[in-house]
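The values are calculated or read from the model by the stated rules, or taken from the named source; none is laboratory data. The structure displayed is predicted, hence computed values, not measured ones. All Cβ positions, glycine included, derive from the backbone under ideal geometry; neighbour counts span all protein chains shown. Only protein heavy atoms, including side chains, enter the accessible area calculation; ligands, DNA and RNA are left aside. Shrake-Rupley method; radii C 1.70, N 1.55, O 1.52, S 1.80 Å.
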Amino acid sequence: MASTNSYEIAPVGVLGGGSFGSAISNLLAENQPVILLTRSQEVADSINTTRQNRGRVMHENVRATTDAAEVANQCRLIFPILPSAGFRETIKSLAPHLTPEHILIHGTKGVDIQLPAGDQLTADYKLNPKKVNTMSEVILQETIVRRVGCLAGPNLAAEILEGQPAATVVASHFDEVIKLGQKSLRTPRFQVYGSHDLTGVEIAGVLKNVIALAAGALSGLGFGENAKALLISRGMVEMIHVGTHLGGDIVAVLGLAGIGDLIATCSSSKSRNFTVGYRLAKGETLTAILADMEEVAEGLNTLRISRAMANYLGIRVPLTETIYDVIYGEKTVEEGLDYLMKFPFYVDIDRSMFRRV
């Protein structure tokens with residue numbers, strides 16, 4: 001196994017020039033050169049000549065390219081920061097250029113599913129959780145790379161780009177991946193914790209997006225902190241309920257990638273998922289909202305997947321069911337809230353959920 005020393009002076013690669021990819025690129029650039037892969041030659045030219053990426057100021061150590069082979073050939077440590085919908089295809093395109101010496105640490109808070117031809121995630125679709133892949137699993141399936149990890153936490157891109165203090169978790173089964181991720185990302189204003197619970201951290205980062213949709217809706221309706229606290233605490237319970245069926249560990253929900261990210265995304269208009277819920281509550285249609293959003297709100301896809309898995313498992317997930325019915329069904333936001341307030345929750349914490357701890 002290669003020593004981490006061989007990576008110390010090498011440039012680091014980032015796949016994806018969206019807001020989070022830009023934020024991570026700037027953090028990494030404080031410690032080493034960065035090669036950022038973008039799909040658009042126009043964006044690459046703008047970064048390289050003006051230090052601007054669609055209104056975001058890019059660090060002078062960031063160089064952009066549209067050549068995936070160049071990133072793989074020059075960087076042994078690569079951070080895929082991509083939307084879940086295009087993650088597998090991008091990794092496939094990179095795969096021929098990767099070797100077992102590469103290390104990939106992704107920052108995508110979504111999951112991948114491969115449905116049979118013609119199938120769609122309708123309200124009554126039953127999705128076997130075994131058909132759901134985390135992004136680290138996609139990397140393992142599509143490439144020869146074996147040392148993989150993820151980063152997750154309360155990492156609102158806009159705040160990181162402004163240089164505000166923040167922290168994340170780098171999770172991997174390999175100590176050297178965690179240490180290399182920490183060394184590459186840590187700055188005076190960005191703390192990096194480590195975890196060996198790769199699946200738990202990935203799943204926690206994914207599931208909180210569904211709760212953020214509901215938090216935005218509550219805010220859009222004008223409700224206060226009591227309602228938000230109710231949602232966050234009940235949302236955590238539902239995250240644990242669904243997450244354990246995906247192989248996650250309950251403990252991860254208690255850390256930065258779980259409750260930490262949940263608080264941030266349920267409280268900030270800088271969260272894309274929060275913004276979708278907020279605008280729905282203000283009366284806009286989902287079609288209109290998506291039409292003018294620059295980037296993907298991962299919670300919308302996760303919501304369909306979580307609902308379909310609950311159907312397969314035969315478990316009740318009232319928050320997920322209600323948010324689904326509001327966004328993809330006939331319920332209004334007000335009707336959804338009324339339904340949840342009348343739902344017969346009688347037990348605060350169901351201890352049976354902790355049997356796998």
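Just the residues that are open to solvent by 40 Å² or more (accessible area, probe 1.4 Å) and modelled with pLDDT of 95 or more, please, taken from region 127-139.
Correct list: Glu137 only.
Is it the case, given these coordinates, that Leu94 is under 23 Å from Met135 (Cα atoms), open to solvent by less than 10 Å² (accessible area, probe 1.4 Å) and either in contact (Cβ under 8 Å) with a residue 60 or more places away in the chain or assigned to a helix (DSSP H, G or I) (or both)?
In short, yes.
Scan region 281-306 residue by residue and report those that are open to solvent by less than 30 Å² (accessible area, probe 1.4 Å) and touching a residue at least 60 places away in the same chain (Cβ under 8 Å).
Ala281, Ala297, Glu298, Gly299, Leu300, Thr302, Leu303, Ile305, Ser306 - these are the residues of region 281-306 that are open to solvent by less than 30 Å² (accessible area, probe 1.4 Å) and touching a residue at least 60 places away in the same chain (Cβ under 8 Å).
Give the residue, chosen from Ala297, Ala257, Ala252, that is closer than 20 Å to Ala166 by Cβ, at pLDDT below 90 and among the aliphatic types (A, V, I, L, M).
Working: Ala297 fails: closer than 20 Å to Ala166 by Cβ; Ala257 fails: at pLDDT below 90.
Just a single option satisfies the conditions, and that option is Ala252.
For the structure I just gave you, tell me whether Gly149 is on the phi > 0 side of the Ramachandran plot and either more than 19 Å from the chain's Cα centre (by Cα) or in a strand (DSSP E or B) (or both).
no
Do any helices (runs of 4 or more DSSP H) lying entirely in region 1-90 carry at least 2 residues that are touching a residue at least 40 places away in the same chain (Cβ under 8 Å) and hydroxyl-bearing (Ser, Thr, Tyr), and which ones are they?
19-29
Tally up the residues in region 111-120 that are outside any loop (DSSP other than H, G, I, E, B) and either open to solvent by 80 Å² or more (accessible area, probe 1.4 Å) or under 11 Å from Arg304 (Cβ atoms) (or both), please. First the steps, then the outcome.
In the first step, residues of region 111-120 are kept if they are outside any loop (DSSP other than H, G, I, E, B); the result is 112-113.
Still in the running and either open to solvent by 80 Å² or more (accessible area, probe 1.4 Å) or under 11 Å from Arg304 (Cβ atoms) (or both): 113.
Residues in region 111-120 being outside any loop (DSSP other than H, G, I, E, B) and either open to solvent by 80 Å² or more (accessible area, probe 1.4 Å) or under 11 Å from Arg304 (Cβ atoms) (or both): 1 in total.
Test Thr320 against the stated conditions and say whether it is part of a helix (DSSP H, G or I) and out of contact with any Asp or Glu (no Cβ under 8 Å at 6 or more places or on another chain).
Values: part of a helix (DSSP H, G or I): yes; out of contact with any Asp or Glu (no Cβ under 8 Å at 6 or more places or on another chain): no.
No, not satisfied.
Being of a type outside the set (Lys, Arg), over 20 Å from Val169 (Cα atoms), assigned to a loop (DSSP other than H, G, I, E, B) and touching a residue at least 60 places away in the same chain (Cβ under 8 Å): is that true of Ala123 here?
Considered against the rule, which asks whether it is of a type outside the set (Lys, Arg), over 20 Å from Val169 (Cα atoms), assigned to a loop (DSSP other than H, G, I, E, B) and touching a residue at least 60 places away in the same chain (Cβ under 8 Å), Ala123 comes out as yes.
Give me the pairs, please: first residue somewhere in region 217-230 and at negative phi, second residue anywhere and outside any helix (DSSP H, G or I), beta-carbon distance under 6 Å, and either six or more positions apart or on two chains.
Going by the 6 Å Cβ cut-off, the qualifying pairs are Gly220/Lys282.
So which of Gly235, Gly181 is open to solvent by less than 20 Å² (accessible area, probe 1.4 Å), outside any loop (DSSP other than H, G, I, E, B) and farther than 27 Å from Ile91 by Cα?
Gly235
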